[in-house]
Amino acid sequence: MQTLALLGATGSIGEQTLDVISRHPERYRLFAVTANTRWQPLAEICLRHRPAVAVMADPVAADALRNHLRDAGSDTEVLAGEDSLEQVAAEADTTVAAIVGAAGVRPTLAAVKAGKRVLLANKEALVVTGQLFMDAVARHEATLLPVDSEHSAIFQCLPGGDDPLAGVKKLCLTASGGPFRTFSAEQLGAVTAAQAVRHPNWDMGPKISVDSATLMNKGLELIEASWLFGLPGERIDVVVHPQSVVHSMVEYLDGSVLAQLGTPDMKTPIAVALAWPERIASGAQALDFTRMGELSFEAPDVQRFPCLALARQALEAGGTATAVLNAANEEAVAAFLEGRIGFMEIAELVNRALESVLAPRCRNIDDVMDIDRAARRYVAACLSSRDE
Ligand code: NAD
Ligand code: MG
């Protein structure tokens, strides 16, 4: 029996994790669930899944949740604030890191520093902290398992064993291309937030949906893959594959390419990470090769989707450039979702932040989070001077 802390329980990954674990009550016991400000969906989760603890990042929402659960006769204990997020992240056998954005850095690292089994969906945490994160994994002997479908695919196609990269030449990340893959530059200038959050293949939270549409998601995944698997950016290719059936590939020195395939359903990589090295049913539909139709592949167009090139550039620059990239992107995406800026301005703002915000190498997380804040302030200043 594994105990589980589910950070970001009310999100898309959180919901799908609850679906998978509820199929295996003999294997998993939910210890803690967490959410940000919306307490009603967390209340429903508490009543249905009966975790020992629930944490709301927002203290006012925590009070509302506590009152509601008491009236409903629930015995789930309710805690509030960021310290409590870190506390529960470090208490279970396994922590599912499914908070969106840099807000997940500290809770995810708390699980790592407690030497836990950490299931990483929150790619931004790794993109922001990079070497510090991987050093903490090694020092505290945490077990880091990818949830991102591409990284799960690569993890499954790598040789395993003592030399994790034995015979490996390159990794290849597949990208769906997002909802605007075939749009002209002119059309991209006019797309709305409502169009951007409607992904053709995956059902995801709003931020990652916009990242998918700009290809920043693939850029973040390139950085994530570089840290997870210990390969430089030039040994990681990206190919657009609109059907999202091949979830990523590993190319070996002898010319073999191993790929992992499946229907586009996050329950598969979630189940892979939960049960590893065993295999459990996930509830995902099986692939039907006779109905699948054509699988196609094409090169990404970094002219129309410059975010991918910006991410590669930040990875190569090193230091905290990837923290600047991520923070600027989070702020720009939020502005786009609020209708304050156009789609193509996301890349422009990220580019300006990379050119203007100093990104030195940092030796601790507090310093990295200072850089994150500086990049956010820079984007906020750009936005307010633009609004004047
Ligand atoms: P989502 O927006 O659906 O959910 C985000 C969760 O994080 C919610 O539970 C929310 O309450 C919590 N949260 C947000 N801000 C917070 C804060 N400041 N403090 C504490 N909690 C906060 O997002 P999602 O689509 O589930 O994605 C979660 C993570 O998983 C992201 O990093 C994303 O890139 C990654 N991911 C998602 C998918 C997918 O299919 N959804 C696939 C691969 C990777
Ligand atoms: Mg992915």
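Counting heavy atoms of the protein chains alone, Lys169 has an accessible area of about 90 Å² for a 1.4 Å probe. Each residue of the range 290-295 was assigned a 3J(HN,Hα) from its phi angle through the Karplus curve 6.51 cos²θ - 1.76 cosθ + 1.60 (θ = phi - 60°); the sequence is 6, 10, 6, x, 7, 9 Hz, with glycine and proline shown as x. Ordering of 143-149, 311-317 by packing is 143-149, 311-317, highest average first (other Cβ atoms within 10 Å, averaged per residue).
Residues whose amide H comes within less than 5 Å of that of Asp237, counting only those at least five positions distant or on another chain, are Leu171, Cys172, Leu173 (H built at 1.01 Å from N in the peptide plane).
Taking every alpha-carbon pair under 8 Å whose residues sit at least 6 apart, the chain reaches a relative contact order of 14 percent.
Surface calculation, 1.4 Å probe, protein heavy atoms: Leu308 sits at approximately 10 Å² accessible.
Calculate the tail of P(r) for the range 318-379: the fraction of all Cα-Cα distances greater than 17 Å, expressed in %.
Numbers: 630 of 1891 pairs.
Tail of the P(r) past 17 Å holds 33 percent of the pairs.
Using the Cα coordinates of the range 2-146, the gyration tensor eigenvalues translate into equivalent-ellipsoid semi-axes of 25, 16, 12 Å, sorted from longest to shortest.
For the chain, the mean residue ellipticity at 222 nm estimated from helices alone is -14500 deg cm²/dmol, where every DSSP H run of n ≥ 4 contributes -39500 (n - 2.57) and the total is divided by all residues, rounded to the nearest 500. Each of Leu171, Val250, Leu274 was placed along the dipole of the range 148-300 (beta-carbon charges, centred on the mean Cα), and the one lying farthest toward the positive end is Leu274. Short-range pairs are left out: with C-alpha atoms under 8 Å and at least six residues apart, the relative contact order of the range 273-388 is 26 percent. Using θ = phi - 60° in the Karplus curve 6.51 cos²θ - 1.76 cosθ + 1.60, the 3J(HN,Hα) couplings for the range 314-321 round to 5, 4, 5, 5, x, x, 9, 4 Hz; x is entered for Gly and Pro.
Could you tell me which of rounded, prolate or oblate describes the range 166-311, using a ≥ b ≥ c as the square roots of the eigenvalues of the alpha-carbon gyration tensor, with rounded for a/c under 1.5 and, failing that, prolate when a/b is larger than b/c and oblate otherwise?
Values: a/c = 1.65, a/b = 1.24, b/c = 1.33.
It comes out oblate by the Cα gyration axes.
Considering every pair of different Cα atoms, what Kirkwood radius, in Å, is found for the chain?
Values: mean 1/r = 0.0469 Å⁻¹.
For the chain, inverting the mean 1/r across all distinct Cα pairs yields 21.3 Å.
Each residue, Val60 and Ala194, gets one label point 7 Å from its Cα in the Cβ direction; the gap between the two is 2.9 nm.
Summarising the amide proton neighbourhood of Leu144: residues at separation of 5 or more, or on other chains, whose placed amide H is nearer than 5 Å comprise Val118.
Dipole magnitude of the chain about its Cα centre, charges +1 at Lys/Arg Cβ and -1 at Asp/Glu Cβ only, in debye to the nearest 20? Walk me through the intermediate numbers first.
On the way: 34 positive and 49 negative charges, 61 e Å.
For this selection, approximately 300 debye.
Under 5 Å from the amide H of Val78 lie the amide H atoms of Ala54, each residue being 5 or more positions distant or on a separate chain, with H modelled from the backbone and absent for Pro and chain starts. Among residues other than Ile341 with Cβ under 14 Å from its Cβ, the summed charge is -3 (Lys and Arg +1, Asp and Glu -1). Listed here are the pairs Lys113/Lys169; Lys169/Lys267; Lys116/Lys169; Lys123/Lys170; which of them are more than 26 Å apart at the Cα? From the list (Lys113/Lys169; Lys169/Lys267; Lys116/Lys169; Lys123/Lys170), the Cα-Cα distance tops 26 Å for Lys113/Lys169; Lys169/Lys267; Lys116/Lys169.
Peptide packing: for 31-37, 178-184, 240-246, 102-108, the average count of neighbouring Cβ atoms within 10 Å per residue gives the ranking 102-108, 31-37, 240-246, 178-184, highest mean first. Both radii come from the Cα set of the range 252-363: Rg as radius of gyration, Rh as Kirkwood radius; their ratio Rg/Rh reads 1.09. Shown in residue order for the range 157-165 are the 3J(HN,Hα) couplings computed by the Karplus curve 6.51 cos²θ - 1.76 cosθ + 1.60 at θ = phi - 60°: 8, 6, x, x, x, 5, 9, x, 10 Hz (x for Gly and Pro).
Compared with the direct C-alpha span, the chain from Met292 to Arg279 gains 2.3 nm at full extension, assuming 0.36 nm per residue.
The values are calculated or read from the model by the stated rules, or taken from the named source; none is laboratory data. These figures come from a predicted structure and were not determined experimentally. Positions of Cβ are generated from backbone atoms using ideal geometry, with glycine treated the same way; all protein chains shown enter the neighbour counts. Only protein heavy atoms, including side chains, enter the accessible area calculation; ligands, DNA and RNA are left aside. Shrake-Rupley method; radii C 1.70, N 1.55, O 1.52, S 1.80 Å.
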